[in-house]
Structure formats: structure tokens, C-alpha cells
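Only one structure is covered here, and it is reproduced in the block below.
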Amino acid sequence: MRASGSRLTVAAIAVALVASAAVAVRLAEDPVPVSATTAGGTAVAASGTAAASGTAAAASSVPAAGTPAAVVPAGAPRYRPNVVTIVADDLDSSLVKYMPNLKKLQKRGADFRRSFVVDSLCCSSRASFLTGMYPHNSKVFINTTGPDPANPIGGHVAWVKAGNDRKTFAYAMSREQGGYRTGFFGKFINHYQGTPGSAAPAGWDTFEGLTGNLYAMWGYRLASMSPGTPGSRQVATRTFGTRPTEYSTDVLRRRAVSYLKSAEREGRPYFVELAPTSVHSRASKIVRKGEPVFPAALRDRPLKGKKAKKNPKRRHGDCGPVRCNRIDVATQPGFNASRAGSRPRYADGRPAPMYGRTAKLRKSEVNRMRRYHRDRVRMAQSLDDMIGAVMRTVGPDTYIVFTSDNGYHLGHKRLGRGKTTPYDTDIRVPLIIAGPGVVRGPRYQVVQNIDLSSTFEDIAGLRPDQRRDGRSLLPILRNPRAAWSRYAFVEHTKPVRDLADPDNEAISLETPSYLAIRSADAMLVRYDTRRGDPTGYTYEYYTGLSRPRAFESTNLYNPRDPAVQALLRRLEAFADCEGAECVTLTR
């Protein structure tokens, strides 16, 4: 009997070890509620009281406070946190320091310092964010339809033709196996019309999309699913006027907060995307007299007359923690810097023609860039108010994600204002994620906006779609030092001239199509200056980009450089990669 008892004891220990290992594996795989983190944000094991009683954890699909998802009994519903994502428009990283609520979120979560978009252009970048696919796979390359309407290459027409509505993370999360309630508020894919009676994009249980004059911030339309018709996905439109309360960022904030409060009461897991048009320029249309190019909410603009005398601190408007008149874009790295050293090179190393402006900015132009930058900072304040409202509304089991569709430059390397270039001002964007199990602090891994689609599916407990060209960021959120990708890819198609294009700045029409590969410290760009003819390819290569205040100043392209040759091989393989092939190329 003694021997039999020993065998039983050994067996019991073995079972216990296997059970402990299983718990450890699930702890590594499942998000941990924020209540199970230390003040510093590091995940810790819960006391296990709820697991011992066997009642509290089994009573709900969300673990009790202080109980990680790993101790939910077998057969119980999986822990599924909520997600709220805010996607800004044209917000470059230089604006983050002027947004106090975003800075609070930054301190609460993971701050990705090397986050890049797949294209510094609204439509293609947003399509890639929603689908997790590079432009050559999403088939959305530019903002507008393109020269041949029968074969669209951009805008909502190309999005629909590629069947992208059913390729998004929202579509996967909203289906039965996902179980998420999904809501969208703001700018969808460029040139989404929101025609009354048309169906709302698939994947969204609630959809409120900006249409019409959306960049003017007033005088726009909002296409929403028809109220009072259960099961109907048809949209109806409402036109907003020019009253101060109708500023679009504020309207979206109020409507989204109302939705979030309802979702919090319901208890079903939810995903919400807020996509205001802040801080995009107003394009060409003006609906209020004397509107600046970057129209901030009226409360954030400079005061005049008696109001300015009564409140001298706000005389120059609201720029967050800094007085607006003390902000100077001319102090940024690369402002008005000569481009002589960055001339592109042909494949054999010979100098090639330059694109865009090369002349030094005049004093009047420098002052204009200063004014634009301050107006963008003012415009960012209503966006920051939106972030603060979300932070106050959601519960502890909610991820909050903030990013932008692309960056923006003002006077960088004498290029005036705009985007579309492969330079950091345009392709590097803020990415801040706070929520359950996120270890606070900076992240230095190279990541891209296509990674977010897989991340959201991973959070929802879904296996990321095999079509995704990115990968889930959850491992980095839990471990700041997790091994990760070394490279990011950028794919830009030169847009056609179209007055309906909101990004019709001069530089957008001058930047050639290109492919680029970016590491933590270097970047190689291959411009296509002759429409696919390899003899017309020109190159730029920069190193030292990880240094403080570094920018792309001297083109070091040398066809005999082994580092250049290695990057070129990856770039050539990237052009038609899909799914796992693309992921492999980033490693």
C-alpha cells in the first residue's frame, strides 16, 4: 500500500505541474485585466481567491477584479476586453507634446517610438490599417478613383471593388465567433459618399461616417444607419451647419461617448473607432468667413479685442501646456535645410534629378509655416479633448489606442507643407496603447499600422486572418524587450491630379512613386521615375536616423555597399509579397 500511495502522490504532483504549466501558458497568451497590474504597469499574478471559491470567475465572461483570465474555469467564456481606437488625420509626432490628455495616456501605456505607416497618404494608409494589408494587397493606392474609372486604383470605389469591407478586423470581430459590438465614428475611406438608402460598410453595428465637406470642420454631412429600423443597414444623412457646437471633432466626441456609455452598461465587449479629420487642412472649401488653413475649434483660437486684454495667457489661443506664441516650427530638425546632399542616385551611383522644391524658404514663407504649425497645435486641442473624454468614460477592461494615418511636414528640407515623402516627418506616427496587461513605458521595436489589425483580432481571442501582412503587437505590449521585426516597408503611388483630392498640395503631385525599407537606424528608397522602367529607378540611402534630432541629410547610396545590396534584395521581394511572406521579410 505504501508503494501504491507513493505512486498516487507522484501522479498527483505530475497533474499539478501540468495544470500549473497550462495556467502559465494561458497567462502568456491571454490579456490580463488592468486591475492585475502593479502601479508600474507590470503584470502580476492574482491572489486566486476567486479561483479557489470557484464562483466569482465562473459567473461572468469578464474575470473578477484582480483575477487574470488564466484562472477562469474550463468551459467558461473567454475574457474579451474592449478596444477604443482613435485615428487622427495628418498628425505628426511633433504635436504629441502639446496634448496633455494624450501625454497622460502615454504615461499609462506603451509608447511606440518607431511606429511607421505603410504610406504617407490618407486613403491607402487607412485601407491598410483596416485590412492589415499593404497597398499592393488591399488594391487601394491613392485617394481618388484614378484615370480609369473602370479600373479604380484608389478611393472608396477601389476599396469596394476589392471586397475590402469583409476583409477588415471589424468584420471578423463583429461576427458570431468574434462576439463584439462594433462602432465607427468619423472619416472612413476617402470619397465614401454615404448616399441615403445605401448600405453601411459591413462589419460595423453602428456606423456614423463623415461625408461631403468633411475637412472644413463645419458644413459637413454625417451618414448614419437609419434609426428606428431594426436590422436595417441603410444610411440616412444629416447636414451640420456652422454653429460652434457643430465643430465636427466635438460632434464625434459627444456621439461616441454616448455610444460608449451605452456599451459599458450593456456589458458586451465592444470595439470603437473614432476617426476625426483633425488635424487635416480644410482643403479648398471655406464655409466660415476668414477660416485658417487649419481650422481649430473656436474656443482654441486666438482672442481678440477686450477678450484678449482680459485673458492675456489665452490671447494667442490654446496650445495645451505651452503658450502658442512660444511655439516655433523653425526649431525642428531639418527645417529649411538644404537638400543638396540628398540628391537621388541612379542604380550605378550617378547623380539623378531631384523632385520637389530645392530653394530656401523666404522669410514670409517661414512665417507662414510658423502660423500653420501653431494652428495645427490649436486644432489638436479638440482632438485631445476627445482623448480625455474617452479615458473618463471607459472601464478598466478597455484598451485605448491612439495613432495617425500619416505624418506631415512644414518646411522640412525646404519642401513646403504636405506629406507623401519617405522621410520621418511623413511616415513616422505616434502609436500609444494603454490597457489590460500593458507594461508601461517606451517601445523601440520597428512596427507599422498594418500590425494593428492582427493585434485587435488577437485581443478578441480570434486567430488573425492569414491574409494579414502584419502581426499582433500583444507580445511587445506585455514585454517591452520582446524580439521583433527589424524592418518596415513603405509603398507609395504618385497620385493623379484631381481637384477632388483633399491632399492636392504641390509636394503630393511631385513625389514620385516609390518603395522604401526602414530599419531602426537606416532607410533605403527606390523611386520609380519612369513608370516601371528599371533604368529609371533612383535611390536614396540614409543611416544614423536613430540619433537624437537626426534627419535625412546626406544620401549615402553606393551600389557596392553590402548593406545597400541586402536591403535592395528585401525591397525587390516585398513588391508582390502576401501574408506570411511579408512578415518574413520584416525579420
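The values are calculated or read from the model by the stated rules, or taken from the named source; none is laboratory data. These figures come from a predicted structure and were not determined experimentally. Please note: Cβ atoms are built from the backbone with ideal geometry, for glycine as well, and neighbour counts cover all protein chains shown. Each accessible area value is taken on the protein alone, full model and side chains, heavy atoms only, with ligands, DNA and RNA left out. Shrake-Rupley method; radii C 1.70, N 1.55, O 1.52, S 1.80 Å.
Here are the numbers:
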{"read-out": "Residues of the range 261-274 classified as touching a residue at least 24 places away in the same chain (Cβ under 8 Å), of a type outside the set (Gly, Ala, Ser) and either out of contact with any strand residue (DSSP E or B) (no Cβ under 9 Å at 6 or more places or on another chain) or crowded, with 22+ Cβ neighbours inside 10 Å (or both), total", "value": "7"}
{"read-out": "Residue ranges of strands (runs of 3 or more DSSP E) in the range 215-279 with at least 2 members over 16 Å from residue 182 (Cβ atoms)", "value": "220-225, 235-239"}
{"read-out": "The lone exception for residue 248 - which of (1) within 27 Å of residue 419 (Cα to Cα); (2) in contact with a Pro (Cβ under 8 Å, 6 or more places away or on another chain); (3) surrounded by fewer than 21 Cβ atoms within 10 Å (Cβ to Cβ); (4) among the small types (Gly, Ala, Ser) it fails", "value": "(3)"}
{"read-out": "Within the range 575-587, considering residues that are touching an Asp or Glu at 6+ places or on another chain (Cβ under 8 Å) and open to solvent by less than 30 Å² (accessible area, probe 1.4 Å), the one nearest to residue 451 (Cα to Cα)", "value": "583"}
{"read-out": "Some residue of the range 81-92 being open to solvent by 10 Å² or more (accessible area, probe 1.4 Å) and modelled with pLDDT under 95", "value": "no"}
{"read-out": "Matching helices (runs of 4 or more DSSP H) fully within the range 421-527 where at least 3 residues are under 16 Å from the mean Cα position of the chain (by Cα)", "value": "424-427, 451-459"}
{"read-out": "Residues of the range 94-120 satisfying the condition of being hydroxyl-bearing (Ser, Thr, Tyr) and either in a loop (DSSP other than H, G, I, E, B) or open to solvent by less than 10 Å² (accessible area, probe 1.4 Å) (or both)", "value": "115, 120"}
{"read-out": "Filtered residue count, the range 403-420, keeping only those that are within 22 Å of residue 520 (Cβ to Cβ) and part of a strand (DSSP E or B)", "value": "4"}
{"read-out": "Test: residue 211 is in contact (Cβ under 8 Å) with a residue 24 or more places away in the chain, surrounded by fewer than 23 Cβ atoms within 10 Å (Cβ to Cβ), in contact with a Gly (Cβ under 6 Å, 6 or more places away or on another chain) and under 19 Å from residue 182 (Cβ atoms)", "value": "no"}
{"read-out": "Pairs where the first residue, in the range 368-380, is touching a residue at least 24 places away in the same chain (Cβ under 8 Å) and the second is in a helix (DSSP H, G or I), C-beta under 6 Å, 6+ apart", "value": "369/329; 370/329; 373/329; 374/324; 377/98; 378/300; 380/95"}
{"read-out": "Extreme residue, farthest from residue 265 (Cα to Cα), among residues of the range 399-420 that are surrounded by fewer than 24 Cβ atoms within 10 Å (Cβ to Cβ) and under 18 Å from the mean Cα position of the chain (by Cα)", "value": "403"}
{"read-out": "Residue 535, sole failed condition from (1) at pLDDT 95 or above; (2) surrounded by fewer than 18 Cβ atoms within 10 Å (Cβ to Cβ); (3) not in a loop (DSSP other than H, G, I, E, B)", "value": "(1)"}
{"read-out": "Check on residue 131, in contact with a Pro (Cβ under 9 Å, 6 or more places away or on another chain), in contact (Cβ under 8 Å) with a residue 60 or more places away in the chain, open to solvent by less than 30 Å² (accessible area, probe 1.4 Å) and of a type in the set (S, T, N, Q)", "value": "no"}
{"read-out": "One residue from 200, 162, 172, 223 being surrounded by fewer than 19 Cβ atoms within 10 Å (Cβ to Cβ), among the aliphatic types (A, V, I, L, M) and touching a residue at least 12 places away in the same chain (Cβ under 8 Å)", "value": "162"}
{"read-out": "Inter-residue pairs, beta-carbon under 7 Å, first under 30 Å from residue 99 (Cα atoms) and part of a helix (DSSP H, G or I) and in the range 327-347, second at pLDDT 95 or above and among the aliphatic types (A, V, I, L, M), 6+ apart", "value": "329/369; 329/410; 330/366"}
{"read-out": "Residue in the range 313-335 that is more than 29 Å from the chain's Cα centre (by Cα), modelled with pLDDT of 95 or more and among the hydrophobic types (A, V, I, L, M, F, W, C) present", "value": "no"}
{"read-out": "Scope the range 261-316; condition at positive phi and of a type in the set (A, V, I, L, M); matching residues", "value": "283"}
{"read-out": "Enumeration of residues in the range 153-199 that are farther than 25 Å from residue 470 by Cα and either not in a loop (DSSP other than H, G, I, E, B) or not hydroxyl-bearing (Ser, Thr, Tyr) (or both)", "value": "191, 193, 194, 196, 197, 199"}
{"read-out": "Residue among 508, 513 that is surrounded by 19 or more Cβ atoms within 10 Å (Cβ to Cβ), within 30 Å of residue 213 (Cβ to Cβ) and touching a strand residue (DSSP E or B) at 6+ places or on another chain (Cβ under 6 Å)", "value": "508"}
{"read-out": "Among the residues listed as 144, 239, the single one being touching a residue at least 12 places away in the same chain (Cβ under 8 Å), among the hydroxyl-bearing types (Ser, Thr, Tyr) and within 29 Å of residue 512 (Cα to Cα)", "value": "144"}
{"read-out": "Answer residue from the range 291-326, given it is within 18 Å of residue 96 (Cβ to Cβ) and in contact with a Cys (Cβ under 9 Å, 6 or more places away or on another chain) and is least open to solvent (accessible area, probe 1.4 Å) among those", "value": "300"}
